[in-house]
Amino acid sequence: WQILSQSRYFLLIAALLLLAQIASPFVEYQFLNTVERAYTEMDARTAFLSMFFGTMGLVSIGINVVITPLVTRFLGAIAGLLVQPVMMGLCSWGFLLHPTLFFSGATKISDRALSYSINRASKELLYVPVDPVLIYQAKAWIDMFGYRTFKVAGSVLILLMTQWLPVTMSVHELSWFTIAICSLWVVFVMFLRQEYKVIYQKIL
């Protein structure tokens with residue numbers, strides 16, 4: 001029972017990680033496209049991107065230092081896992097309604113800055129009750145195959161929706177896919193919450 005339960009538990013963890021890899025190319029494409037429209041000159045675009053990614057790094061550090069310890073200590077790992085898909089979904093909704101550089105930048109920050117901070121810290125806490133052998137095997141599959149495959153899948157979906165299909169979608173309309181992915185992401189977190197509770201109760 002324990003092996004089956006932990007296998008199901010890790011499949012849910014893997015699903016969260018891979019959903020993030022599908023959503024990331026959509027966010028990246030929208031952000032770069034919006035920046036290109038806002039800054040037509042190469043020098044201005046380069047200056048903006050330098051400032052933006054520097055700011056995003058600072059935001060990530062700030063979240064790691066201030067917010068992540070508070071959330072994981074008082075609300076737990078599952079609450080920490082919800083932050084990224086909820087914020088990405090909300091920012092994507094904002095970009096869908098108002099396709100501006102502000103909302104595309106906010107979506108980008110909610111993707112990368114939260115991924116490198118609170119989401120990663122919460123994810124590491126999920127590994128505590130899992131068999132180390134299972135962690136090694138599953139993480140090897142995710143790192144070597146899953147990440148790349150699902151990121152490529154996200155890129156192919158963008159090409160399908162913007163170029164290859166007879167009816168294409170505009171840049172801001174791609175937010176529907178990001179919102180759908182984030183909604184599914186939240187659903188998987190809720191399933192994971194139940195498994196997380198069961199496994200910890202068995203340990204205790």
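The values are calculated or read from the model by the stated rules, or taken from the named source; none is laboratory data. The model shown is predicted, which means the values in this text are computed figures rather than measured ones. Every residue, glycine as well, gets a Cβ built from its backbone with ideal geometry; the counts of neighbours run over all protein chains shown. Quick note on the areas: whole protein, heavy atoms, side chains included, nothing else; ligands and nucleic acids left out. Shrake-Rupley method; radii C 1.70, N 1.55, O 1.52, S 1.80 Å.
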- With the checklist (1) surrounded by fewer than 15 Cβ atoms within 10 Å (Cβ to Cβ); (2) under 27 Å from residue 184 (Cα atoms) in hand, flag the one item residue 84 doesn't pass. (1)
- Have a look at 95, 102 and point out the one that is farther than 13 Å from residue 23 by Cα, open to solvent by less than 50 Å² (accessible area, probe 1.4 Å) and of a type in the set (Phe, Trp, Tyr). 95
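Of all the helices (runs of 4 or more DSSP H) wholly in the stretch 95-181, which have at least 2 residues that are under 23 Å from residue 197 (Cα atoms)?
Values: elements: 101-114, 120-126, 132-141, 147-159.
Counting at least 2 such residues, we get 120-126, 132-141.
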- Task: May I ask you to list pairs of residues, at least six apart or on different chains, whose Cβ atoms are under 8 Å apart, with the first in the stretch 36-62 being closer than 21 Å to residue 114 by Cβ and the second being open to solvent by 100 Å² or more (accessible area, probe 1.4 Å) and at pLDDT below 95?
- Result: 60/116
- Item | The lone exception for residue 193 - which of (1) open to solvent by 20 Å² or more (accessible area, probe 1.4 Å); (2) in contact (Cβ under 8 Å) with a residue 60 or more places away in the chain; (3) touching a Leu at 6+ places or on another chain (Cβ under 7 Å) it fails | (3)
- Note on the structure: The lone condition residue 122 fails out of (1) open to solvent by 30 Å² or more (accessible area, probe 1.4 Å); (2) within 22 Å of residue 179 (Cβ to Cβ) is (1)
- Determine which member of the set 111, 131, 43 is out of contact with any Gly (no Cβ under 8 Å at 6 or more places or on another chain) and closer than 21 Å to residue 187 by Cα. 111
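In the stretch 98-110, is there at least one residue being aromatic (Phe, Trp, Tyr) and either within 30 Å of residue 74 (Cα to Cα) or at pLDDT 90 or above (or both)?
Just the residues of the stretch 98-110 that are aromatic (Phe, Trp, Tyr), to begin with: 102-103.
Right, trim to either within 30 Å of residue 74 (Cα to Cα) or at pLDDT 90 or above (or both) and you get 102-103.
Yes, some residue in the stretch 98-110 is aromatic (Phe, Trp, Tyr) and either within 30 Å of residue 74 (Cα to Cα) or at pLDDT 90 or above (or both).
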